[in-house]
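In what follows, a structure is listed as structure tokens, so that the remarks can point back to it.
Just so you know, all these numbers are worked out from the coordinates, no wet-lab data involved. Owing to the predicted nature of the structure, the values given are computational and were not obtained by experimental measurement. Reconstructed Cβ throughout: ideal geometry from the backbone, glycine too, with neighbour counts over all protein chains shown.
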Amino acid sequence: MTKEEILAKIESLRANAVGALDSLDSLHSLQEYKVQFLGKSGALTEILKSLGGLHPEDRPVVGQAANRVKAEIESKLVSLQETISLKEQQKQTEAKQVDISLPGFSFAHGFRHPLRIVEEEIESIFLKLGFSIYEGPDIESDYYNFEALNFPPDHPAREMQDTFYIGGMASHSPASPSLGPAKPDPRSHKPVALPLLLRTHTSPVQIRAMEKNKPPLYMICPGAVYRHDDDVTHSPMFHQVEGLMVDTKITFGDLKGVLTLFCQTIFGKKLKVRFRPSFFPFVEPGAEVDIACVLCNGKGCRVCGGDGWLEILGAGMVHPAVLENVKIDPKKFTGFAFGLGVERIAMLKYGIDDIRLFYQTDLRFLEQF
Ligand code: PHE
């Protein structure tokens, strides 16, 4: 190549390089540009390689021309780099800025289960009256669930269609005192084995509490109970709260006072409450407590089946035989007991007509409480 040809190439490279400057918009593209035109194997270096073929006199002229172009491009790059890096910084701070006018993030939060809400409300009423909270096992022996509660051996509640019996047997040996007193077989005089069961009510906790504590005893026991039952108002597992008040001089008047106060605290001060005679083996006299229908206020509707009243709990004066079973003298002490269904109260309180909704973990249902 001649000197003129190389100078022409340098000139056209200059024009190309200057033209390409306009398209540079980031530090990254600027770096690529530097490599392309000025780098070790860039366009300008390629041209300078052909310098060796020139006459020695021509070399400085061409070399100076190349250096001028290089210096010109480099100086343009320096100011361009400043502008670009300033712009990039600006972009970054803009991205970091908080726009306080944007709507906030909403966090998913949990809800208390309606049964838990009602159970806690019931507990708080009785805690204020001086009752303590007890718990007992879900798996019980026949002794606590029936026998100590004065159920005769042939009582229908013991039958398979009501009670879930489970595989194990309670040996009633001194080694398992939690299952109740040993009952020797009258013929062999050896302790008899009785089947274990899922408690059908929370009443066995009355026995457990009275065995451990001498009166005065004011206790409630919330917990799950199990029965062979399954429809829109009955579930094979549901919840009860048991109550027991044993002291000297406890009368049916105390029972009425406490349970009326309870019903009126849950459903409203003006609520009408009625006590009807009923039978449970472990109380005498026994009663069922009705409240005026929460929907029609006693006029009669679909919820109360037309008669204006809703049965809400079972209650009664603790049977002397039950007190004797736990070695409390029925001549010195009397007491009342009651048992209520938590689901029943929650259904009436919130107007829920299918008990299964409580156990289906459907968020659309649970989020409403
Ligand atoms: N345990 C009875 C039931 O489940 C209710 C009850 C408790 C009745 C205490 C009287 C006294 O039906």
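Sort Ser12, Ser41 so the one with the fewest other Cβ atoms within 10 Å of its own Cβ comes first. Mind showing how you got there, number by number?
Details: Ser12 12, Ser41 9.
Ranking Ser12, Ser41 by Cβ neighbours within 10 Å, fewest first, gives Ser41, Ser12.
List the cysteines in the chain whose Cβ has no other cysteine Cβ under 4.7 Å from it.
Cys221, Cys263
Restricting to Cα pairs below 8 Å that are 6+ residues apart, what does the relative contact order work out to for the range 3-96? Please round to a whole percent. Could the numbers behind the result be given before it?
Numbers: 48 pairs, mean separation 35.0, N = 94.
So the answer I get is 37 percent.
Return Lys214, Lys34 ranked ascending by Cβ neighbour count within 10 Å, so the fewest neighbours appear first.
Taking fewest neighbouring Cβ atoms as first place, the list is Lys214, Lys34.
Compute the Kirkwood hydrodynamic radius of the chain, taking the inverse of the mean of 1/r over all pairs of distinct Cα atoms, and give it in Å to one decimal.
Numbers: mean 1/r = 0.0358 Å⁻¹.
Taking the inverse mean of 1/r over all distinct Cα pairs, the chain comes out at 27.9 Å.
Report the relative contact order of the chain, percent, no decimals, based on alpha-carbon pairs under 8 angstrom and at least 6 residues apart.
Working: 534 pairs, mean separation 52.0, N = 369.
Relative contact order here is 14 percent.
Does anyone have the angle between helix 27-37 and the longest principal axis of the chain? Alpha-carbon axes, 0 to 90°, nearest 10?
30 degrees
Which entries of Lys214/Lys270; Lys128/Lys212; Lys212/Lys349; Lys256/Lys331; Lys128/Lys249; Lys269/Lys349 have Cα-Cα distances beyond 26 Å here?
Values: Lys214/Lys270 37 Å; Lys128/Lys212 23 Å; Lys212/Lys349 35 Å; Lys256/Lys331 22 Å; Lys128/Lys249 21 Å; Lys269/Lys349 14 Å.
Violating the 26 Å Cα-Cα cut-off are Lys214/Lys270; Lys212/Lys349.
Just how many pairs of Lys in the range 3-96 have C-alpha atoms closer than 14 Å, counting pairs that are eight or more places apart or on different chains? Spell out each step's value before the answer.
Details: Lys3/Lys49; Lys9/Lys49; Lys9/Lys70; Lys34/Lys70; Lys34/Lys76; Lys40/Lys49; Lys40/Lys70.
Summing the qualifying lysine pairs gives 7.
If I fit a long axis through the Cα atoms of helix 58-96 and take the longest principal axis of the Cα atoms of the chain, what angle between them do I get, 0 to 90°, rounded to 10?
Relative to the chain, helix 58-96 is tipped by roughly 20 degrees.
Just want the answer: with Cβ charges of +1 for Lys and Arg and -1 for Asp and Glu, which residue in Ile125, Leu313, Ile250 is farthest toward the dipole's positive end in the chain?
Farthest towards the positive pole: Ile250.
Taking the Cα atoms only, what angle lies between the long axis of helix 3-21 and the longest principal axis of the chain, rounded to 10 degrees?
For 3-21 against the chain, the angle is about 30 degrees.
May I ask for the Kirkwood hydrodynamic radius of the range 3-96, worked out over all distinct Cα pairs and given in angstroms to one decimal? Spell out each step's value before the answer.
Values: mean 1/r = 0.0687 Å⁻¹.
Its Kirkwood hydrodynamic radius stands at 14.6 Å.
Throw me the Rg/Rh for the range 268-369, computed over C-alpha atoms with Kirkwood Rh, two decimals.
Numbers: Rg = 17.7 Å, Rh = 15.9 Å.
Taking Rg over the Kirkwood Rh, I get 1.11.
Please arrange Ser29, Ser235, Ser75 by how many other C-beta atoms lie within 10 Å of their C-beta, fewest to most. Don't skip to the answer; put the middle values down first.
On the way: Ser29 13, Ser235 17, Ser75 10.
By the 10 Å Cβ count, ascending: Ser75, Ser29, Ser235.
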